[in-house]
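Participant: Take a look at the following structure, please.
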Amino acid sequence: MFRLSGSYLEFNGFNLDGGGNALDGFYCNHYHHQRFIGNSVSNTGGAGIATVNCDYLTADHNVIYHNGYMPSETDVPQYYGWTSGISYNSVQWFDNYAGLHNIIANNVIVGEYDGSSHHTDGNGIILDLSSGSYDASTANTPPALVINNVVYGNGGRCVNAYVVTNFWIVNNTCYTNGLDPALGPAGEITANNSANGYFINNISAASSAGDPTYKQGGTNVNIQYYANLYSGSLPNVSSSQIFPGDPEFLSPVTLSLGGFREAPPPSLLNAGLTLQGGSPAIGQGIDPSALPGLPSAIVNDLQTYIYTDIKGKPRSQGAGADLGAYQH
């Protein structure tokens with residue numbers, strides 16, 4: 001609906017309903033410094049927010065709901081459906097700044113689906129490719145932060161890092177994704193053919209025992225995990241920093257395989273994925289900026305985001321913050 005021409009743009013407070021016939025809500029191609037703040041995007045045939053060959057992107061406090069479904073026409077371009085709720089594809093280095101370039105923060109993403117013949121996407125969030133190549137050796141993307149997102153009831157994965165580098169996946173709540181039966185056991189939080197990535201303070205609750213809560217595929221290098229909780233299925237990753245426990249959500253919705261179409265919008269789920277007082281996710285987080293050996297620019301930029309939750313509630317500095325998007 002918005003095919004964006006230009007850099008240094010902000011789109012704030014739009015309510016976009018594609019009515020089943022529009023493609024992407026917002027689309028950036030070969031630009032930089034674009035911000036998508038506080039928007040609602042629903043019922044498109046593509047992504048809520050899609051970018052290709054862009055840099056310095058911020059998607060913050062958006063609601064992305066029920067996108068990627070094919071329109072009713074019979075002659076539909078092949079790229080309909082073949083994307084995810086928020087997709088940063090082939091991100092390029094605008095400059096050599098060592099800190100965070102791209103942010104996906106505080107979004108709620110629900111009911112996404114890859115309605116194309118491919119059935120590879122429909123993820124909540126994807127950091128996708130580096131230069132259009134699927135070869136792991138080509139991965140070279142500037143630092144990205146995915147933080148405080150609530151992602152549930154999607155056909156594809158919760159968060160997928162695919163042929164990318166330099167990413168931070170922090171304090172996200174992932175619940176019953178992977179509901180497209182054509183996708184197979186894709187995993188909730190995944191790294192594929194990627195390098196130099198961190199998964200920190202996340203909650204991953206799978207929809208079925210056969211769908212890994214944390215998954216790696218292909219060739220990965222230096223993928224690190226710190227203080228991640230799982231329930232519903234085993235991870236396919238071996239790490240003492242991925243531990244089991246019922247997150248004890250306040251009022252989670254029950255969704256079965258194929259249920260991405262019926263996933264309730266955030267306005268109905270409301271606080272359902274917040275934590276109850278006895279949750280094992282409470283107080284178990286680490287401070288990502290305290291990890292050793294980080295560039296000072298990364299530390300400074302992380303600290304801009306890690307000390308509040310999705311609602312703006314303060315998190316403790318140092319160890320002891322809660323896992324997931326919500327601070328109890």
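The values are calculated or read from the model by the stated rules, or taken from the named source; none is laboratory data. For clarity, every value in this text was computed on a predicted model and none was experimentally measured. Ideal geometry is used to build each Cβ from the backbone, glycine not excepted, and the neighbour counts take in all protein chains shown.
Participant: Quick one: in the range 224-259, which of the residues that are hydrophobic (A, V, I, L, M, F, W, C) and surrounded by 18 or more Cβ atoms within 10 Å (Cβ to Cβ) is farthest from G178 (Cα to Cα)? Working first, answer last.
Facilitator: Start the filter on the range 224-259 by keeping residues that are hydrophobic (A, V, I, L, M, F, W, C), which leaves 227, 229, 234, 237, 242-243, 249-250, 253, 255, 257.
Then drop every residue that is not surrounded by 18 or more Cβ atoms within 10 Å (Cβ to Cβ), which leaves 227, 229, 237, 242, 249, 253, 255.
Values: A227: 23, L229: 18, V237: 18, I242: 20, F249: 19, V253: 15, L255: 11 Å.
Filtering the range 224-259 for residues that are hydrophobic (A, V, I, L, M, F, W, C) and surrounded by 18 or more Cβ atoms within 10 Å (Cβ to Cβ), the one farthest from G178 (Cα to Cα) comes out as A227.
Participant: From the set of residues in the range 192-226 that are in a loop (DSSP other than H, G, I, E, B), over 18 Å from the mean Cα position of the chain (by Cα) and modelled with pLDDT of 95 or more, which is nearest to N166 (Cα to Cα)?
Facilitator: N220
Participant: Identify, by number, the condition in (1) among the acidic types (D, E); (2) buried (at least 16 other Cβ atoms within 10 Å of the Cβ); (3) within 16 Å of N193 (Cα to Cα) that D135 doesn't meet.
Facilitator: (2)
Participant: Now, a different point. Search the range 167-185 for residues that are under 18 Å from A227 (Cβ atoms) and among the polar types (S, T, N, Q) and pair each with any residue that is modelled with pLDDT of 95 or more and assigned to a strand (DSSP E or B) when their beta-carbon atoms are under 6 Å apart and the residues are at least 6 apart or on different chains.
Facilitator: N171/I147; T173/V150; T173/I203
Participant: Can you say whether T165 is in contact with a Gly (Cβ under 8 Å, 6 or more places away or on another chain) and more than 25 Å from Y65 (Cβ to Cβ), as far as the supplied structure shows?
Facilitator: Spelling it out, T165 is indeed in contact with a Gly (Cβ under 8 Å, 6 or more places away or on another chain) and more than 25 Å from Y65 (Cβ to Cβ).
Participant: From G272, G285, G324, which residue is in a loop (DSSP other than H, G, I, E, B) and surrounded by fewer than 18 Cβ atoms within 10 Å (Cβ to Cβ)?
Facilitator: After applying the criteria, what remains is G272.
Participant: Now for a separate question. Out of N106, N154, I need the residue that is crowded, with 24+ Cβ neighbours inside 10 Å and farther than 17 Å from I298 by Cβ. Which one?
Facilitator: N154
Participant: Oh, and also: Inspect the range 120-128 for any residue being surrounded by fewer than 24 Cβ atoms within 10 Å (Cβ to Cβ), under 23 Å from G20 (Cα atoms), in contact (Cβ under 8 Å) with a residue 40 or more places away in the chain and out of contact with any strand residue (DSSP E or B) (no Cβ under 7 Å at 6 or more places or on another chain) and give the result as yes or no.
Facilitator: Checked the range 120-128: at least one residue is surrounded by fewer than 24 Cβ atoms within 10 Å (Cβ to Cβ), under 23 Å from G20 (Cα atoms), in contact (Cβ under 8 Å) with a residue 40 or more places away in the chain and out of contact with any strand residue (DSSP E or B) (no Cβ under 7 Å at 6 or more places or on another chain).
Participant: So, of the residues in the range 206-220 that are of a type outside the set (S, T, Y) and closer than 9 Å to S233 by Cβ, which turns out to be surrounded by the most Cβ atoms within 10 Å (Cβ to Cβ)?
Facilitator: Among those residues, the one meeting the criterion is A206.
Participant: If you go through the range 129-158, how many residues are under 25 Å from L183 (Cα atoms), free of Cβ contacts under 8 Å to residues at least 60 places away in the same chain and part of a strand (DSSP E or B)?
Facilitator: Count: 1.
Participant: Test each condition in (1) in contact with a Leu (Cβ under 9 Å, 6 or more places away or on another chain); (2) over 16 Å from S90 (Cβ atoms); (3) free of Cβ contacts under 8 Å to residues at least 60 places away in the same chain; (4) buried (at least 16 other Cβ atoms within 10 Å of the Cβ) for C28 and report the one that comes out false.
Facilitator: Single failed check for C28: (2).
Participant: Right, here's the next one. Suppose we filter the range 297-321 for residues that are among the small types (G, A, S), modelled with pLDDT of 95 or more, out of contact with any Lys or Arg (no Cβ under 7 Å at 6 or more places or on another chain) and assigned to a loop (DSSP other than H, G, I, E, B); how many remain?
Facilitator: Of the range 297-321, the ones among the small types (G, A, S) are 297, 312, 316, 318-321.
When the remaining residues are screened for being modelled with pLDDT of 95 or more, the result is 297, 312, 320-321.
Filter once more, keeping what is out of contact with any Lys or Arg (no Cβ under 7 Å at 6 or more places or on another chain): 297, 312, 320.
Next cut, assigned to a loop (DSSP other than H, G, I, E, B) only: 312, 320.
Going through the range 297-321 one residue at a time, the tally reaches 2.
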